[in-house]
Amino acid sequence: EVKIIINGEKFRVSSKLNLLEACRKVGFDIAALCYHPALGPVGTCKCCVVDVKSEGSTNYKRACACATEVWNGMDIRTDSPQVREQLMSAIADLRKKQKNRSLIMKIAGNYDKRGDLSLERYIKKGESRLQSSKYQISEKVFDDETDSMLDLLIDRVSNRFIDQTNLAIQVDHTKCIDCTRCVNVCSNLQGMNVYSTISTSVYVDSLMPSLNTKGEFLSETMCISCGQCSLYCPSGAITEIDHTEKLEVIMKTKKKLVIVGIAPSSRLSLAEIFKLTPGSLTTGQCAHLLRLLGFNRVFDVQFTADLTIMEEGTELLHRINDPNSILPMFTSCCPGWINLVEKQYQNIIPHLSSCRSPQQMFGSIIKNYYAKKINIDPKDIFCVTVMPCTAKKKELLREQFRNPETGLRDVDLCLTVREVGRMVAKRGIEFSELEDREFDNPLGFSTGAAQLFAGSGGVMEAAVRSAYWLKFGEDFPALQYNAVRGLKGIKEAVLDFDGRQLRLAVVSGGKNIHKFLETWGTSSFNYDFIEIMACPGGCIGGGGQPRSNLDIVPIRLKSVYQREQKMTSRSSHDNPYVKKLYQDWLKKPYGEKAMMYLHTTYAP
Ligand code: HC0
Ligand code: SF4
């Protein structure tokens, strides 16, 4: 601990904190755009500026609190005229960056539309407009390297200021403030290295958008659509592609039966958007809320999570029993992970479970089974999901999930939790007051196993419970499987399966996945069943979750386990509606019909 003085008041704080964290801890909530506790100091936005001086010294010095350590006797002023002045200039700088960006993007747009401006004329025009602007722009705005970047910009960005090529997340370059959080998150947390700042020799006065150095659109990069960058972006430059307006149009025309399914972890975080305790929204309140938003049927994706377990558990047993089959088997419900395999680890494809994700099983059941059951043409159904994930938006667009005969997609649209939050706010619904309502059936009932899907290790635990039951005809002892619980990035366990030692691994977060797969193909990579989720912590840490402080992820996970324990049935094979679905329609897990409607293929 050290003793410090802030604005004349004395405090004791841990010496491990940086000055920004220390100030926040004792109640001085200093704004900072580029700093994020999970990422560490960057020091580009300069918004957390403070005055500091040592004991005995007379002069205060300006410092970015995020990049400053605390020391004994430190004297800090957070609101002196000098600090304010510096802050104003930092904010003006940020605005300037944004303005300059939009200007250059607009010029690029004009160039493309008219098509008659040579690059040289374009540069001169740009230069004079920039120099006559009220912002001070460096003289050396355009040099040779910048030339080629501009070329790229004009060529690649053309008339678009917003890169929506990824289909899940979008980058609005005009809103970027150069905080570099996305670069940090994508490289250091996810190990994907999609973004990079353009090297300083080219990067004059922040005129260039943070395209990666090759100037590619997102769709041309290794991006797996996990959306982690959209969780950390402080300026709204990186967001999910918003589908709320499209949905509202569909709802207003009242031509389709609009059906929704909510994902396991979405219900745990929705309340956070409205400053309620995380996990405080009950499943019953979620069902009520979704009805108020205008959905005609409100179902639970946890129902198809149970179904996934029946299929995946059976598939695992098949693979274990058949000496010619391919092991280890990897889970396949995380679309960010599937994107990663298809882009970077294609030799893993035969190892992926062929099970569709619960989202896609949901759509398939709705359009192929439920439609018939209620005697409605599937084309008159609009199927929506509420996910903690951005990659799910892209998953539903895969050709594999379009009915080959009717051409209809199984799932029509996916909203992130944040989008639902926006819809709720727009309608002015006060949901802390909402009473519980039941989900509709038959896709409304689920077990504890399905609730576990929300956190890393949950699919594994659910699968172990049912694979055990499928094999031995009795419940997994004590149900709870602690070895795969918790937020560690890589977890391993060995399970005694009637004398055969099943080697299990659970991995979440891009960087951990890369690390885990380093030994792939060598004899030390020795597993039977592996659960992988692209986001740190699994879906509870998903890229479509509310932008809460990330220390909330353990709280969400605790809420998962608490909810799970209270559920009446806790193993997927106990779901009576799943059993009935097999009786009525699918016949048996991993059977012919199930293969047709619940399984899929992957493309290298
Ligand atoms: Fe999944 Fe997920 S990825 S685990 O399989 O929870 O169920 O599809 O919905 O929430 O995104 C399931 C699927 C989800 C979540 C996510 C979770
Ligand atoms: Fe990187 Fe994920 Fe963002 Fe793509 S979505 S740029 S992989 S963090």
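The values are calculated or read from the model by the stated rules, or taken from the named source; none is laboratory data. Because the structure is a prediction, the values reported are computed rather than measured. With ideal geometry, Cβ positions are generated from the backbone for all residues, glycine too; neighbour counts draw on all protein chains shown.
Annotations
- Among (1) part of a helix (DSSP H, G or I); (2) closer than 20 Å to Ser569 by Cβ; (3) at pLDDT 95 or above, the one test that Gly284 misses: (3)
- Residues located in segment 377-392, provided they are buried (at least 24 other Cβ atoms within 10 Å of the Cβ), over 13 Å from Ser364 (Cα atoms) and not hydroxyl-bearing (Ser, Thr, Tyr): Val386, Met387, Pro388, Cys389, Ala391, Lys392
- Inter-residue pairs, beta-carbon under 7 Å, first closer than 17 Å to Leu598 by Cα and in segment 340-356, second part of a loop (DSSP other than H, G, I, E, B) and polar (S, T, N, Q), 6+ apart: Leu352/Ser332; Ser353/Thr331; Ser353/Ser332; Ser354/Thr600; Cys355/Ser332; Arg356/Thr600
- Residue match in segment 537-558 (condition: surrounded by fewer than 24 Cβ atoms within 10 Å (Cβ to Cβ) and either of a type in the set (Phe, Trp, Tyr) or closer than 30 Å to Gln346 by Cβ (or both)): no
- Residues that are within 10 Å of ligand 1 (Cβ to nearest atom) and part of a loop (DSSP other than H, G, I, E, B) within segment 407-416 comprise just one, Val411.
- For segment 312-336, residues that are under 16 Å from Thr601 (Cβ atoms), surrounded by 16 or more Cβ atoms within 10 Å (Cβ to Cβ) and of a type in the set (A, V, I, L, M, F, W, C) total 3.
- Criterion (more than 21 Å from Pro442 (Cβ to Cβ) and assigned to a loop (DSSP other than H, G, I, E, B)) met by exactly one of Pro278, Pro264: Pro278
- Tyr602 being in contact with a helix residue (DSSP H, G or I) (Cβ under 8 Å, 6 or more places away or on another chain), within 18 Å of Ile309 (Cβ to Cβ) and modelled with pLDDT of 95 or more: no
- Count - residues of segment 394-425 that are β-branched (Val, Ile, Thr) and over 29 Å from Leu292 (Cα atoms): 1
- Selection count where residues are away from ligand 2 (no atom under 16 Å from the Cβ) and assigned to a loop (DSSP other than H, G, I, E, B), scope segment 287-335: 14
- Against the list (1) within 16 Å of ligand 1 (Cβ to nearest atom); (2) polar (S, T, N, Q); (3) in a helix (DSSP H, G or I), the condition Gln583 fails is (1).
- Hey, Gln344 surrounded by fewer than 18 Cβ atoms within 10 Å (Cβ to Cβ), within 16 Å of ligand 2 (Cβ to nearest atom) and not hydrophobic (A, V, I, L, M, F, W, C) or not: yes
- Asp436 vs. criteria in contact with a Gly (Cβ under 7 Å, 6 or more places away or on another chain), assigned to a loop (DSSP other than H, G, I, E, B) and at pLDDT below 95: yes
- Within segment 61-78, the residues that satisfy the criterion of being within 32 Å of the chain's Cα centre (by Cα), farther than 17 Å from Asn7 by Cβ and either of a type in the set (S, T, N, Q) or buried (at least 19 other Cβ atoms within 10 Å of the Cβ) (or both) are Cys64, Cys66.
- Applying the set (1) closer than 20 Å to Ile262 by Cβ; (2) in contact with a Leu (Cβ under 9 Å, 6 or more places away or on another chain) to Thr568 leaves exactly one unmet item: (2).
- Residues satisfying the stated conditions in segment 569-583, i.e. more than 30 Å from the chain's Cα centre (by Cα) and touching a residue at least 24 places away in the same chain (Cβ under 8 Å): Asp574, Pro576, Tyr577, Lys580, Leu581, Tyr582
- Some residue of segment 393-406 being surrounded by fewer than 18 Cβ atoms within 10 Å (Cβ to Cβ), part of a loop (DSSP other than H, G, I, E, B) and in contact (Cβ under 8 Å) with a residue 40 or more places away in the chain: yes
- Positions within segment 542-561 being more than 16 Å from ligand 2 (Cβ to nearest atom) and outside any helix (DSSP H, G or I), in sequence order: Pro546, Ser548, Asn549
- Test: residue in segment 371-388 that is within 16 Å of ligand 2 (Cβ to nearest atom), under 24 Å from Ala449 (Cα atoms) and either modelled with pLDDT of 95 or more or not hydrophobic (A, V, I, L, M, F, W, C) (or both): yes
- Test: residue in segment 290-303 that is modelled with pLDDT under 95 and surrounded by fewer than 24 Cβ atoms within 10 Å (Cβ to Cβ): no
- Segment 370-392, residues that are in a helix (DSSP H, G or I) and closer than 22 Å to Val459 by Cα: Ala391, Lys392
- Some residue of segment 359-369 being assigned to a helix (DSSP H, G or I) and surrounded by fewer than 22 Cβ atoms within 10 Å (Cβ to Cβ): yes
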